[in-house]
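S.K.: Pasting a structure here, questions to come.
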Amino acid sequence: MSNGSDNIKQALAQALVKVEAGGDIVIATSVIDNVTEPLAEAIKAAYAGVFTTQELAALSNLVFQATSDDKFYDWEMPTLVGYTCEEMQRLGEKLRALAVL
């Protein structure tokens with residue numbers, strides 16, 4: 001399972017434990033993955049229609065191509081797009097991680 005899915009499951013587990021501690025729900029299982037796995041899948045399914053895996057990968061590749069070319073991503077690009085080259089590369093990494101969820 002990808003790190004992105006694990007992050008979603010961990011965030012859900014933390015939120016559920018917090019809600020349970022507040023007395024709003026009762027988790028009746030000792031294996032929290034039994035609860036978080038279907039919730040994580042539902043979240044991924046809800047966002048699946050926004051971009052396909054291939055589209056996310058293409059956007060990531062575009063960012064990496066643009067930032068690897070000093071002639072394209074020159075001194076003016078941070079003003080035009082609002083991010084430095086390094087910030088755009090981190091954005092490309094985020095897109096790539098989403099592509100493998």
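The values are calculated or read from the model by the stated rules, or taken from the named source; none is laboratory data. This structure is a prediction, so every number in the text was calculated from the model and none was measured. A quick note on method: Cβ atoms are made from the backbone with ideal geometry, for glycine too, and the neighbour counts reach across all protein chains shown.
S.K.: Just a yes or no: is a residue in region 88-100 among the aliphatic types (A, V, I, L, M), assigned to a helix (DSSP H, G or I) and modelled with pLDDT of 90 or more?
M.R.: Of all residues in region 88-100, those among the aliphatic types (A, V, I, L, M) come to 88, 91, 95, 97-100.
Keeping just the survivors that are assigned to a helix (DSSP H, G or I) gives 88, 91, 95, 97-99.
Next cut, modelled with pLDDT of 90 or more only: 88, 91.
Checked region 88-100: at least one residue is among the aliphatic types (A, V, I, L, M), assigned to a helix (DSSP H, G or I) and modelled with pLDDT of 90 or more.
S.K.: Related question: Taking region 39-48 as the search range and keeping residues that are out of contact with any helix residue (DSSP H, G or I) (no Cβ under 7 Å at 6 or more places or on another chain) and more than 21 Å from residue 91 (Cα to Cα), which one is surrounded by the most Cβ atoms within 10 Å (Cβ to Cβ)? Spell out how you get there, then give the answer.
M.R.: Kept after step one, since they are out of contact with any helix residue (DSSP H, G or I) (no Cβ under 7 Å at 6 or more places or on another chain), are these residues of region 39-48: 41-42, 44-48.
If we keep only those that are more than 21 Å from residue 91 (Cα to Cα) as well, we get 41-42, 45-46.
Numbers: 41: 13, 42: 11, 45: 9, 46: 9.
Looking at the filtered set, the residue picked out is 41.
S.K.: Here's something else I'd like to know. Select from region 73-87 the residues that are in a loop (DSSP other than H, G, I, E, B) and either polar (S, T, N, Q) or surrounded by 15 or more Cβ atoms within 10 Å (Cβ to Cβ) (or both) and write down the one among them that is nearest to the chain's Cα centre (by Cα).
M.R.: Of the residues in region 73-87, the ones in a loop (DSSP other than H, G, I, E, B) are 73-76, 82-84.
From what's left, either polar (S, T, N, Q) or surrounded by 15 or more Cβ atoms within 10 Å (Cβ to Cβ) (or both): 73, 83-84.
On the way: 73: 25, 83: 19, 84: 20 Å.
Of everything passing the filter in region 73-87, 83 is nearest to the chain's Cα centre (by Cα).
S.K.: Given the conditions (1) assigned to a helix (DSSP H, G or I); (2) on the phi > 0 side of the Ramachandran plot, report the number of the one that residue 23 does not fulfil.
M.R.: Status for residue 23: all satisfied but (1).
S.K.: Scan region 25-42 and give yes if some residue there is free of Cβ contacts under 8 Å to residues at least 24 places away in the same chain and under 15 Å from residue 97 (Cβ atoms), otherwise no. Step through it out loud before you land on a result.
M.R.: Step one: list which residues in region 25-42 are free of Cβ contacts under 8 Å to residues at least 24 places away in the same chain, which gives 25-32, 34-35, 38, 41-42.
Still in the running and under 15 Å from residue 97 (Cβ atoms): none.
For region 25-42, residues free of Cβ contacts under 8 Å to residues at least 24 places away in the same chain and under 15 Å from residue 97 (Cβ atoms): absent.
S.K.: Then there's this: What is the one condition in (1) under 30 Å from residue 86 (Cα atoms); (2) outside the structural domain of residue 91 (by TED's automatic domain parsing); (3) acidic (Asp, Glu) that residue 41 does not satisfy?
M.R.: (1)
S.K.: When you scan region 31-52, do you find a residue that is over 25 Å from residue 10 (Cβ atoms) and more than 14 Å from the chain's Cα centre (by Cα), even just one?
M.R.: no
S.K.: Pairs please, first residue from region 49-72 and under 9 Å from residue 92 (Cα atoms) and part of a helix (DSSP H, G or I), second anywhere and of a type in the set (A, V, I, L, M) and at pLDDT 90 or above, Cβ atoms under 8 Å, 6+ apart in sequence or on different chains.
M.R.: Cβ pairs passing all conditions: 63/88; 63/91.
S.K.: For residue 7, which of the numbered conditions (1) surrounded by 12 or more Cβ atoms within 10 Å (Cβ to Cβ); (2) modelled with pLDDT of 85 or more; (3) in a helix (DSSP H, G or I) fails to hold?
M.R.: Of everything listed in (1) surrounded by 12 or more Cβ atoms within 10 Å (Cβ to Cβ); (2) modelled with pLDDT of 85 or more; (3) in a helix (DSSP H, G or I), residue 7 misses just condition (2).
S.K.: Please count how many residues of region 62-72 are of a type in the set (Asp, Glu) and surrounded by 12 or more Cβ atoms within 10 Å (Cβ to Cβ).
M.R.: Taking region 62-72 as the starting set, the residues that turn out to be of a type in the set (Asp, Glu) are 69-70.
Still in the running and surrounded by 12 or more Cβ atoms within 10 Å (Cβ to Cβ): none.
Total satisfying the criteria: 0.
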